[in-house]
């Protein structure tokens, strides 16, 4: 009988406390019960900043302080900030009360550093959220971000051209905008760079079949590159198929650094600095 496959632990890479997970869902049911342990593993692996996505008021109201208190109770924890938005899936049930609560949170919570993740998702047919609902909510949130001077985190799935068109129409060129979970080719990366935006690569970029995504890295300006988990989804190799968490960002860094001919530590610190700058979370000198 063969023994279970041994996967390397993220702390085994020995990376400094300079990295960042630019997109996490820490309050997912798979992660929340072990929140303290997850944050401790992030620290031991070199994750110094986690950007958490709050996508509904109910979860924001219930879990904002839970996350912050878990971090505060540890002797050492990553810095944490938030993005708040209506995901394309959630606009199906959104109403004016939800909108007013979103606006209030973005206006008043100093830890909400971006509007996101927002955008379009055409992967599933009608019944998920019809495109007729998704597009006006997307535009509304873009306008809120511009009104309040907030960065934007984009969710786009099977909707490249329409998302580009709306962003162009809404005057988002050269706005601080982060393309979450990039899964395109060099042409798409170039289109994003031409508009002055940023790109985050997640665990899926390490999968063998996604060589095209890794090749797109070569179109990304170093100062506009970030890492993410999108945890609990899309754990990178060699943890593919397991529940993802911020500590595992190190394996995405390792894979992408190899593609770019950089040391893992160099890429790790570069992308961490980029995330801190984008979300206004620079460390005091």
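Only the coordinates and a few stated rules stand behind these numbers; no lab work does. Keep in mind it's a predicted model, so treat the numbers as computed, not measured. Neighbour counts are summed over all protein chains in view; Cβ atoms, including those assigned to glycine, are modelled from backbone coordinates with ideal geometry.
Taking 8 Å as the Cα distance limit and 6 or more residues as the minimum spacing, I'd like the relative contact order of the chain as a percentage.
It rounds to 21 percent for the chain.
What do the square roots of 5 times the Cα gyration tensor eigenvalues come to for segment 1-125, in whole Å, largest first, as semi-axes of the equivalent ellipsoid?
Details: eigenvalues 179, 75, 34 Å².
Equivalent ellipsoid semi-axes, largest first: 30, 19, 13 Å.
In nm, to one decimal, how far is the residue 100 label point from the residue 209 one, both placed 7 Å along Cα→Cβ?
Between residue 100 and residue 209, the label points sit 4.6 nm apart.
Calculate for the chain the 222 nm mean residue ellipticity that helices alone would give, adding -39,500 (n - 2.57) per DSSP H run of length 4 or more and normalising by residue count, nearest 500 deg cm²/dmol.
Details: 9 runs with 110 residues, N = 285.
That comes out to -12000 deg cm²/dmol.
Can you tell me the Rg and the Dmax, both Å, for the Cα atoms in segment 110-165?
11.9, 37
Quick one: length gained pulling residue 93 to residue 132 fully straight, 0.36 nm per residue minus the C-alpha distance? Walk me through the numbers before you get to the answer.
On the way: separation 39, 0.36 × 39 = 14.04 nm, distance 1.33 nm.
Stretched fully, the residue 93-residue 132 segment lengthens by 12.7 nm.
Taking the inverse of the average 1/r across all pairs of different Cα atoms in segment 48-204, what Kirkwood radius in Å do you get? The partial results should precede the final answer.
Numbers: mean 1/r = 0.0615 Å⁻¹.
One decimal place: 16.3 Å for the Kirkwood radius.
Would you mind calculating the relative contact order of segment 232-274 from Cα pairs under 8 angstrom and at least 6 residues apart, reporting the percent as a whole number? Don't skip to the answer; put the middle values down first.
Numbers: 34 pairs, mean separation 10.7, N = 43.
It comes to 25 percent, rounded to a whole number.
Counting every Cα pair in segment 1-75, what percent are over 15 Å apart?
Details: 1704 of 2775 pairs.
Result: 61 percent of Cα pairs exceed 15 Å.
Taking the Cβ of each residue in 53, 226 as the centre, tally the other Cβ atoms inside 10 Å and list the residues starting with the fewest.
Values: 53 24, 226 27.
Ordered from fewest to most neighbouring Cβ atoms within 10 Å, 53, 226 come out as 53, 226.
Multiplying the sequence separation of residue 143 and residue 107 by 0.36 nm and subtracting their Cα-Cα distance, what value in nm do you get? All intermediate terms of the calculation are to be shown ahead of the outcome.
Numbers: separation 36, 0.36 × 36 = 12.96 nm, distance 1.35 nm.
Result: 11.6 nm gained on full extension.
If neighbour count is taken as other Cβ atoms inside 10 Å, put 166, 67, 199 in order from fewest to most. Mind showing how you got there, number by number?
Numbers: 166 17, 67 21, 199 25.
With the sparsest Cβ surroundings first, the list reads 166, 67, 199.
Using alpha-carbon pairs under 8 Å, 6+ residues apart, how would you state the relative contact order of segment 30-138 in percent? All intermediate terms of the calculation are to be shown ahead of the outcome.
Working: 135 pairs, mean separation 30.7, N = 109.
That works out to 28 percent.
To make sure I understand, if each residue's beta carbon is the centre and we count other beta carbons within 10 Å, what order do 231, 255 fall in, fewest to most? If you can, show how the numbers build up before the last one.
Working: 231 27, 255 22.
So the ranking, lowest neighbour count to highest, is 255, 231.
Could you give me the percent of Cα pairs per 10 Å distance bin for the chain, shortest bin first, beginning at zero and ending with the bin that holds the maximum distance?
Once binned at 10 Å, the Cα pair distances of the chain give 7, 30, 37, 21, 4, 0, 0.
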